[in-house]
Structures are given as C-alpha cells and as structure tokens.
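Just below is one structure, and these are the notes that go with it.
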Amino acid sequence: MKKAILIVFILTSLFCSAQKTENIIIITTDGFRWQEVFKGLDPAIANDKKFNQGDSTYIYKKYSASDFAASRQKIMPFFWTEIASKGQIYGNRDLGSKVDVSNPYWFSYPGYSEIMTGNVDVQINSNGYKPNPNVNVLEFLNKQSKLKGKVAAFGAWDAFDRILNEERSGFPVISAFDNVGGNKPTASQKLLNEMRNNSFKPFHEDECLDVFTHYEAMDELKTKKPKVLYISYGETDEWAHHGHYRSYLDAVNQVDKWIKEIWDFVQNDPQYKNKTTIFITVDHGRGDKIKSQWTDHGADVAGASQIWFAAMGPEIAPKGEIKTDSQFYQKQFAQTFAKIMGYNFTTDHPVETEVKEIFEK
C-alpha cells in the first residue's frame with residue numbers, strides 16, 4: 001500500500017513539475033526582419049537617402065553602436081537582456097539557426113494562418129481571403145474547460161477577424177477599428193475607442209496605430225485576466241513598405257518597450273507571476289537586398305521566407321540565443337503553443353509537431 005502511495009506521489013510530482021504554465025501571451029510584430037533582430041542597424045539602408053527619411057543622424061545616434069551585439073540591444077533592449085538571459089531566441093541564420101515559413105506565398109494572411117493553425121492551406125493565397133476555414137489553436141484552447149471564455153485576440157490589422165474566423169471561433173477578436181467593451185464599455189474602453197477613432201490614420205481604415213492595439217490588449221489583461229492572449233502589432237511592416245527605415249526601427253523599439261510593460265505586469269500579478277509564457281514571432285520575413293527588396297516580401301522576394309521566434313516562461317529553459325545548426329518552421333508554432341499550455345492540438349486538418357527543442361533542458 002505504501003509503495004502504491006509513493007508511486008502516485010511521484011507521478012503527481014512529476015506532472016506538477018512538468019506543467020507550470022497556466023497562461024500564454026503570443027505576440028507578433030508584422031514582417032520584422034531577422035537581420036535587424038540579430039545584426040542590429042543595417043548601415044547600407046540607414047545611409048540611403050531613399051530610406052532614411054532625411055535623418056540618418058537620428059538613426060545612428062539612437063541605434064548604432066560599436067558592434068552588432070550592442071546595436072541590436074539598442075533596437076530591442078528588453079529582448080536582448082531579459083529574454084536573452086531567461087528564454088530562447090531562434091533565427092540567427094549566420095549561426096546556423098534557421099526558421100522559415102512553410103507556405104509558398106510569404107505574406108501576411110497565409111503566414112498568420114500557418115502560425116495559428118499549424119497547417120499550410122495553399123488555397124489561402126490572398127490577404128483578402130474569406131474567413132479561415134481551418135481551425136486555429138486559439139479556438140481549440142477556448143474549447144478546453146479550464147480556458148473557456150478566457151481567450152482573446154487583438155490585432156492592428158482588420159484581417160484578423162477573418163484570419164481567426166471570429167464568428168466561428170467563439171472568442172473575441174478586436175482588430176483595427178473595432179470598438180472594445182461592446183455595448184457597455186468602461187470609461188477606459190470608451191476613451192480608447194474615441195482616441196482610436198479620432199486618431200491619425202496613416203494606413204486608412206485597414207489598420208490602426210499599434211498604440212491603440214497595445215493599450216486595448218493591456219486593458220483586457222488587467223481587467224479580464226485572460227489565460228490565452230494574442231497581440232499583433234503591424235507598424236513594422238507598414239513602415240517598411242513605405243521605405244521608412246527610421247520609423248521601422250522606432251516601431252520595433254516601441255514594441256520591445258511594450259513587451260517589457262506586459263512582462264512587468266505579468267510578473268507582478270498573482271494570476272500570472274511565474275505561471276506565464278510569452279512567445280514572440282513574425283508572419284513573414286522581407287528581402288535582404290539594400291536598394292528596394294528590404295521594403296517588400298512575397299514569393300518573388302528572396303529571403304522573405306526567413307523568420308525568427310523567441311520564448312520565455314516556466315516551460316522554457318534559459319538557453320538564450322540558439323547558436324547551433326537547426327531548422328524550424330512556422331507551422332510548428334501552433335502545436336508549440338498548445339504544448340506550452342499542456343494540451344495536444346488536434347483538429348480535422350493536419351497539425352505539424354511542436355518545436356520539441358524548446359522544452360529540452
């Protein structure tokens with residue numbers, strides 16, 4: 001009898017130690033290149049009058065440094081201090097760490113669909129594609145008894161209603177200029193709605209400024225305490241398409257500050273502290289050519305399939321920047337999210353296996 005009790009105790013202890021994450025926050029910053037993540041400021045682009053917005057002095061003062069390691073830390077200080085010391089960072093191709101999209105298109109809707117469904121649907125070949133027929137991992141998690149009604153998504157781009165198929169998925173997807181708070185917004189939500197709707201709209205009605213997406217998501221985090229939260233920032237892609245290198249770098253520098261704000265809140269809240277994993281990635285890469293291809297992406301742009309990802313949390317061993325040869329794919333992320341939360345994502349379409357190495361000590 002004592003032996004049986006001991007075995008149960010050991011198994012219970014193993015299970016408890018194996019699953020510590022109770023919450024996950026998934027963050028994407030649209031189309032931000034691995035080159036700046038790992039190599040910092042690109043002088044060839046910063047020096048080009050076509051791209052530096054007439055202010056190379058500002059770019060160099062804010063983001064240049066004596067070497068690439070110091071430059072990349074100036075661009076993403078939280079990323080290269082906290083996450084680099086306590087998490088894992090993949091995608092430095094110069095060191096053999098490769099991450100790529102699997103879909104053949106190399107632009108946003110197919111990329112986000114691949115991230116969230118763990119599957120490549122070649123019929124999704126347009127950013128204007130209809131509501132996604134494929135089940136996504138957030139939808140799957142929302143059906144689990146412990147997570148039901150505790151899943152939410154916020155995206156700057158209006159396509160997320162379709163990408164995540166909000167009508168079918170059953171969890172709130174606040175995208176672009178959607179109002180938060182429904183018919184009974186709080187005072188904070190009402191103010192957020194008014195500020196967003198009356199804001200400068202450089203991307204027209206398709207996409208709001210990231211600041212509104214961020215603070216809408218933060219309001220959700222602080223008041224409704226979701227267990228699964230997705231936030232998608234979009235300005236990195238928009239400013240790159242405009243050829244505005246200064247604004248492109250400023251956008252990701254701001255995203256890095258927001259990730260720190262999220263993490264600081266998480267680590268000071270009883271529900272989230274030491275029980276939350278954060279996962280950061282992108283939907284696609286961009287070209288690596290100096291003159292024009294860095295501004296673009298798509299199947300005809302060499303390098304646009306190349307991406308990166310990072311993770312930090314209770315399930316993630318502190319390996320820092322991965323410096324060994326490896327190849328991972330975007331379609332592995334959905335199952336990785338599920339496994340981080342202690343589930344196995346299954347649905348009626350194929351789901352690629354998780355990134356197993358992320359869990360290895």
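Computed from the coordinates by the stated procedures, all read-outs in this text should not be read as laboratory data. Just so it is clear, the structure is predicted and the values come from calculations on it, not from any experiment. All Cβ positions, even for glycine, are placed from backbone atoms using ideal geometry, and neighbour counts span all protein chains on display.
So what's the back-of-envelope 222 nm ellipticity for the chain, counting only DSSP H runs of four-plus at -39500 (n - 2.57) apiece and dividing by all residues, rounded to 500? Let's see the in-between values first.
Working: 14 runs with 129 residues, N = 361.
Counting only the DSSP helices, I get -10000 deg cm²/dmol.
Computed from phi, the 3J(HN,Hα) profile of region 294-309 under the Karplus parametrisation 6.51, -1.76, 1.60 (θ = phi - 60°) reads 5, 7, 10, 7, x, 4, 8, 10, 4, x, 6, 8, 8, 10, 7, 7 Hz, with x in place of Gly and Pro.
When DSSP assigns beta bridges and you keep just the ones with both residues in the chain, what percent turn out antiparallel, to the nearest 5?
On the way: 9 of 35 bridges.
Around 25 percent antiparallel, to the nearest 5.
Sequence gap at least 6, Cα distance under 8 Å: using those rules, report the relative contact order of the chain to the nearest whole percent. Walk me through the intermediate numbers first.
Numbers: 718 pairs, mean separation 113.7, N = 361.
Answer for the chain is 32 percent.
Here each label is just a point 7 Å from Cα along the line to Cβ, and for residue 359 and residue 242 those points are 4.3 nm apart. Annotation: for a label point projected 7 angstrom from Cα along Cα→Cβ of residue 55, residues of region 238-265 with backbone N closer than 20 Å are 238-258. To the nearest ten degrees, helix 210-223 and the longest principal axis of the Cα atoms of the chain are 20 degrees apart. The angle separating the long axis of helix 245-266 from the principal Cα axis of greatest extent in the chain is about 20 degrees.
Treating r as the C-beta distance of residue 148 and residue 349 and R0 as 25 Å, the FRET efficiency rounds to 0.70.
Highest GNM mean-square fluctuation among 110, 172, 350, for the chain modelled with Cα contacts below 10 Å: 350.
How would you classify region 109-194 from its alpha-carbon gyration tensor, with a ≥ b ≥ c the square roots of the eigenvalues: rounded for a/c under 1.5, else prolate if a/b is greater than b/c, otherwise oblate? Present the calculation step by step, with values, prior to reporting the outcome.
On the way: a/c = 2.89, a/b = 1.45, b/c = 1.99.
Cα axes put region 109-194 in the oblate bin.
Taking the Cβ-Cβ separation of residue 225 and residue 44 as r and a Förster radius of 45 Å, what is the calculated FRET efficiency to the nearest 0.05? After rounding to 0.05, the efficiency reads 0.50. Build a GNM of the chain with springs between Cα atoms under 10 Å apart, and of 210, 348, 121 the one that fluctuates most is 348.
Expressed as a whole percent, the proportion of Cα-Cα pairs in region 288-361 lying more than 15 Å apart is 64%. Electrostatic tally near residue 283: other residues with Cβ closer than 9 Å to its Cβ, Lys and Arg +1, Asp and Glu -1, net -3. Between the entries (i) 89, 50, 36; (ii) 54, 51, 44; (iii) 78, 51, 42, the label attached to Cα extents along the principal axes in Å calculated for this structure is (iii). The slack in the chain from residue 179 to residue 123, taken as 0.36 nm per residue of separation less the alpha-carbon distance, amounts to 17.1 nm. Rounded to whole Å, the principal axis extents of the Cα atoms in region 166-306 read 48, 37, 33, largest first. Between residue 167 and residue 274, the modelled label-to-label distance comes to 4.6 nm, taking each label 7 Å out from Cα in the direction of the beta carbon.
In the elastic network of the chain, a GNM with C-alpha springs shorter than 10 Å, the most mobile of 187, 302, 152 is 187.
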